[in-house]
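Colleague: One structure, as structure tokens, below. Some questions next.
The values are calculated or read from the model by the stated rules, or taken from the named source; none is laboratory data. Bear in mind that the values here come from a model prediction, so they are computed numbers and not experimental data. Here the Cβ positions follow ideal geometry from the backbone for every residue, glycine too, while neighbour counts run over all protein chains shown. Quick note on the areas: whole protein, heavy atoms, side chains included, nothing else; ligands and nucleic acids left out. Shrake-Rupley method; radii C 1.70, N 1.55, O 1.52, S 1.80 Å.
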Amino acid sequence: MSDTESSSGDEGFADNDLNNPDIVTKYRMAGEFANYALQAVIAEARVGSRVVDLCKLGDAKILEKTEPVFNKPVVIKGEKVKVEKGVAFPTSISVNNVLSFFSPSESDDTVLQEGDVAKIELAAHIDGYIGSVTHTIVIGAPATGRRADAILAAQNALEASLRLLRPGTKSEEFFKLAKKVGAAYGVTPVEGVKTHSFKRFVIEASKEVPIKPKVDEKLDSFEVEEGDVFSVEMAFTTGEDGKCSGKDGIVNVYRRAVDVTYMLKMKASRQVFSEINTASPVFAFNLRNLESKLGAVSKLGLKEINEHQLLHPYLVLVDKPGEFIASFKATCLVLSSGVLRLTGLPYQAVESEKKLEDADVLKLLSTSLKKNKKKGKKKAGEKAEEGEGDE
């Protein structure tokens, strides 16, 4: 598909109405492009690969797919409007005890080592409709021992969670499930990791549930509903308490805090903030890209911008040295026909001495993402799903 005309077909529908075939198409395309970029990064992830080069490759592959599509402006209320598309979350590659958000500067010399547990995270969007994915691989060596325990826990917890995405499921079922699966493999769900809903241009919408609630954390309970779009993530660590910290203060990725305003005083700050609002008004961006455009001005301008909390920082989160973290994330649509999984690739083979034996979880894993088919007219989101969703 190229130069697709549309979004005018969205008129008369709510922004996230999955009964609208145009919206479903955009979600599916975003998921397809995210998978394409993920596959490209995995193919080049080997011993000696520079992490920054792999991160740049992931972003480039997203743009390779998004740039040729939806290039004709759409007419909304009589005005021609450009369809936004591209990177919804910059590629990050976090290894071993690092949980997430490591997407370093051009000068960073971090390379992948044999046995590294590498978590690849990225997201694409078409017209604000997001396809997000996280995938874990072991570099240049078999996945065994404690590495395998964390990986298998994350895989099985994700697969079981996707099967919980049926109307009426209460949010607390997700962290109960994570606890059971973690116990089976002797690993711990990572505190702070959440499953959350997507809306158009909103990568963290109103429905969210942690996979490991903090002590005394106030939780907003909800039920899964038909028409929901979820980013389901499961992450496990070999560390005992499941806590990761950003104590080193490393930040590679930021997102505009759209609810915060302030009149910046410095010229450099206004220049940097203008560039952010032009290039990434809603979605997260990489500091590396900002530096490549503005040079030293970016660092100078960011100081005042951050002092007034105009950006949301994504701290690089780490567990204790020597621990291993594995994470998997998939974007899914909750349809009347079942769950349509948009992102995710086949898993790397792993070998663990531990085994999942919980009867309820095993029963859940044995079920299909789709409901039993009934004869009748299909809804918009249900067409052409044959062969998708189950792995």
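Colleague: Go ahead and estimate [θ] at 222 nm for the chain from helices alone: -39,500 (n - 2.57) per DSSP H run with n ≥ 4, summed, over the residue count, rounded to 500. Numbers along the way, then the final one.
Modeller: Details: 8 runs with 112 residues, N = 391.
Estimated from H runs of four or more residues: -9000 deg cm²/dmol.
Colleague: Let me ask another. Relative contact order for segment 180-325: what percent, with Cα pairs under 8 Å and sequence separation of 6 or more? Before the final figure, lay out each step's value.
Modeller: On the way: 224 pairs, mean separation 40.3, N = 146.
Rounded, it is 28 percent for segment 180-325.
Colleague: Another question, then. What is the packing order of peptides 211-221, 289-299, taking the mean over residues of other C-beta atoms within 10 Å and listing the highest first?
Modeller: Numbers: 211-221: 12.1, 289-299: 15.3.
The peptides rank, most packed first, as 289-299, 211-221.
Colleague: At what distance in nm do the modelled label points of E307 and T110 sit from each other, each positioned 7 Å from its Cα along Cα→Cβ?
Modeller: My value for the distance between the label points is 2.9 nm.
Colleague: Label segment 225-377 by shape, choosing from rounded, prolate and oblate, from the square roots a ≥ b ≥ c of the eigenvalues of the Cα gyration tensor; if a/c is under 1.5 it is rounded, and otherwise prolate applies when a/b is larger than b/c, oblate when it is not.
Modeller: Oblate, since a/c reaches 1.5 and b/c is not below a/b.
Colleague: Would you rank R166, R28 by solvent-accessible area, highest first, keeping every protein chain in place and using a 1.4 Å probe? Before the final figure, lay out each step's value.
Modeller: Details: R166 115, R28 55 Å².
From most exposed to least exposed: R166, R28.
Colleague: Take peptides 148-156, 345-353, 177-185, 309-317 and line them up by average Cβ neighbours within 10 Å, highest first, as a rough protection proxy. Please report the intermediate quantities before stating the final value.
Modeller: On the way: 148-156: 26.6, 345-353: 14.0, 177-185: 21.7, 309-317: 19.1.
Result, highest mean Cβ count within 10 Å first: 148-156, 177-185, 309-317, 345-353.
Colleague: Report, in debye and to the nearest 20, how large the dipole of the chain comes out about its Cα centre when Lys and Arg carry +1 and Asp and Glu carry -1 on their Cβ.
Modeller: Numbers: 54 positive and 58 negative charges, 111 e Å.
With only Lys, Arg, Asp and Glu charged at Cβ, the dipole is about 540 debye.
Colleague: Tally up the carbon and sulfur contribution to the accessible surface of segment 208-361 as a whole percent, 1.4 Å probe, everything protein left in place.
Modeller: On the way: 3990 of 7810 Å².
The nonpolar share, carbon plus sulfur, comes to 51 percent.
Colleague: Of K26/K299; K119/K293; K77/K199; K72/K370; K72/K371, which pairs sit farther than 26 Å apart, going by alpha carbon to alpha carbon?
Modeller: Working: K26/K299 35 Å; K119/K293 28 Å; K77/K199 22 Å; K72/K370 35 Å; K72/K371 37 Å.
Checking Cα-Cα distances, K26/K299; K119/K293; K72/K370; K72/K371 exceed 26 Å.
Colleague: Please state the charge dipole magnitude for segment 170-244, taken about the Cα centre, from unit charges on C-beta atoms (+1 on K and R, -1 on D and E), reported in debye and rounded to the nearest 20. If you can, show how the numbers build up before the last one.
Modeller: Details: 12 positive and 15 negative charges, 28 e Å.
So the dipole magnitude of segment 170-244 works out to roughly 140 debye.
Colleague: Could I ask something else about it? So for I62, I203, what's the accessible-area order with a 1.4 Å probe, most first? All intermediate terms of the calculation are to be shown ahead of the outcome.
Modeller: On the way: I62 0, I203 20 Å².
Output order, biggest surface exposure first: I203, I62.
Colleague: Give the cross-link partners of K80 among the aspartates and glutamates, using a straight C-alpha distance below 13 Å as the criterion and excluding same-chain residues fewer than 8 apart.
Modeller: E5
Colleague: Specify which residue in the list H312, I42, G131 is farthest towards the positive end of the charge dipole of the chain, using unit charges on the beta carbon of Lys, Arg (+1) and Asp, Glu (-1), about the Cα centre.
Modeller: G131
Colleague: Along the charge dipole of the chain, Cβ charges K/R +1 and D/E -1, which of S337, T238, F89 sits furthest on the positive end?
Modeller: Towards the positive end, the residue furthest out is S337.
Colleague: Same structure again: Just to check I understand the Karplus step: with θ = phi - 60° and J = 6.51 cos²θ - 1.76 cosθ + 1.60, what whole-Hz values come out for segment 129-137, glycine and proline as x?
Modeller: Those phi angles translate into 8, 9, x, 10, 8, 10, 9, 10, 9 Hz.
Colleague: Using 7 Å Cα-to-Cβ label points, what is the S368/S221 separation (nm, one decimal)?
Modeller: Going by the 7 Å Cα→Cβ label model, 3.2 nm.
Colleague: Let a ≥ b ≥ c be the square roots of the eigenvalues of the Cα gyration tensor of the chain; is it rounded (a/c under 1.5), or, if not, prolate (a/b larger than b/c) or oblate? Kindly include the intermediate steps, with their values, before the conclusion.
Modeller: Numbers: a/c = 1.58, a/b = 1.07, b/c = 1.47.
Taking the square roots of the gyration eigenvalues as a ≥ b ≥ c, the chain is oblate.
Colleague: Using the Cα gyration tensor of segment 115-195, with a ≥ b ≥ c the square roots of its eigenvalues, what is the shape: rounded (a/c below 1.5), prolate (a/b larger than b/c) or oblate (neither)? Could you put the intermediate results ahead of the total?
Modeller: Values: a/c = 2.51, a/b = 1.16, b/c = 2.17.
Oblate is the answer for segment 115-195, as a/c is 1.5 or above yet b/c matches or exceeds a/b.
Colleague: Which order do peptides 259-268, 92-101 fall in by mean Cβ count within 10 Å, highest first? Walk me through the numbers on the way to the answer.
Modeller: Values: 259-268: 11.5, 92-101: 22.7.
Listed from highest to lowest mean packing, they are 92-101, 259-268.
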